[in-house]
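The values are calculated or read from the model by the stated rules, or taken from the named source; none is laboratory data. Everything numeric in this text was worked out from a predicted model, so none of it was measured. Neighbour counts are summed over all protein chains in view; Cβ atoms, including those assigned to glycine, are modelled from backbone coordinates with ideal geometry. Just so you know, the surface numbers come from the protein's heavy atoms only, side chains and all, with ligands and any DNA or RNA stripped out. Shrake-Rupley method; radii C 1.70, N 1.55, O 1.52, S 1.80 Å.
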Amino acid sequence: MAARVFAVAPWPATSPEITFMARQHDAAKFLFFWKVNGMDLILWRHADAQDGSPDMQRALTGKGVEQAQRMAAWLNAHLPKSTRVLSSPAVRAYQTADALERKYETIPQIAPGADAVHVLAAAGWPDAKGCVLVVGHQPTLGEAASLLLFGEARPLSIKKAGLLWLTNRVRGDHPQTVLKGAMTVELL
């Protein structure tokens, strides 16, 4: 099944990003659509991790474990029970997801170095119903949020263990991505 291409902001028809996305996702050139199902997407950056290599094996520090537990407690108080949780296969990401004490899927497409479009496709944006929580990495999560909010993957930093909560809606005939919330451990 081909991934769907989406647009969240007007782009000029000559944009190389559009051409690239259309080719990469087997969609008709310059054909974009948006089906709004009331999806919530939460992008949660992994907590503080040890330095070193190999990168995929870096574990959370003691501070990171505490950050993950504090944010997980906040999330569990606010997430629907039916939330689908996706984690990068990197140790620091799935240790962060473990703090939720919920079932989650490990998804290779959101490993370190993934691109924003693949992360959004793995989450099912914008077609998935309900709430999807992605536990991943910078700069990818920030780029995914930027793509949805501004129409292009710009640098947007998310603090360690911090998150952005996005949703979609239609106003008139215009699909919109809405920043529903942002949270960091320091604000808890």
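Annotation: amide H of ILE42 within the under-5 Å range of VAL132, LEU133, VAL134, LEU166, sequence separation 5 or more or interchain, hydrogens built in the peptide plane.
What dipole magnitude, in Debye to the nearest 20, does the range 31-188 give about its Cα centre under +1 on Lys/Arg Cβ and -1 on Asp/Glu Cβ? Charge dipole of the range 31-188: 380 debye, to the nearest 20.
Per residue, the range 36-101 exposes 45 Å² of solvent-accessible protein surface, assessed with a 1.4 angstrom probe and all protein chains in place. Pairs with C-alpha atoms separated by more than 18 Å, drawn from the list LYS81/LYS160; LYS63/LYS159; LYS129/LYS159; LYS81/LYS129; LYS63/LYS160, are LYS81/LYS160; LYS129/LYS159.
Taking amide H positions as modeled 1.01 Å from N, with prolines and chain starts lacking one, the residues under 5 Å from THR106 and 5 or more places away or on another chain are SER87. Ligands, DNA and RNA aside, ILE110 has an accessible area near 10 Å² when probed at 1.4 Å. Couplings 3J(HN,Hα) for the range 101-114, derived from phi with the Karplus relation 6.51 cos²θ - 1.76 cosθ + 1.60 (θ = phi - 60°), are 6, 10, 5, 8, 9, 8, 10, x, 5, 10, 5, x, x, 5 Hz, where x marks Gly and Pro. Here the label points at ARG102 and GLU66, each 7 Å from Cα along the C-beta direction, are separated by 2.5 nm in the simple model. A Förster distance of 35 Å, applied to the separation of the beta-carbon atoms of LYS129 and SER157, puts the FRET efficiency at 0.75. Gain on full extension, evaluated as 0.36 nm per residue between TYR94 and ALA59 minus their Cα-Cα distance, stands at 11.7 nm.
For the range 30-188, the orientation-averaged shadow of the C-alpha convex hull comes to 9.3 nm² (one quarter of the hull surface). Full extension of the chain segment joining ASN76 with ARG171 gains 31.2 nm, where the gain is 0.36 nm per residue of separation less the Cα-Cα distance. Of VAL134, VAL170, the order by accessible heavy-atom surface (1.4 Å probe, DNA, RNA and ligands excluded), from most exposed downward, is VAL170, VAL134.
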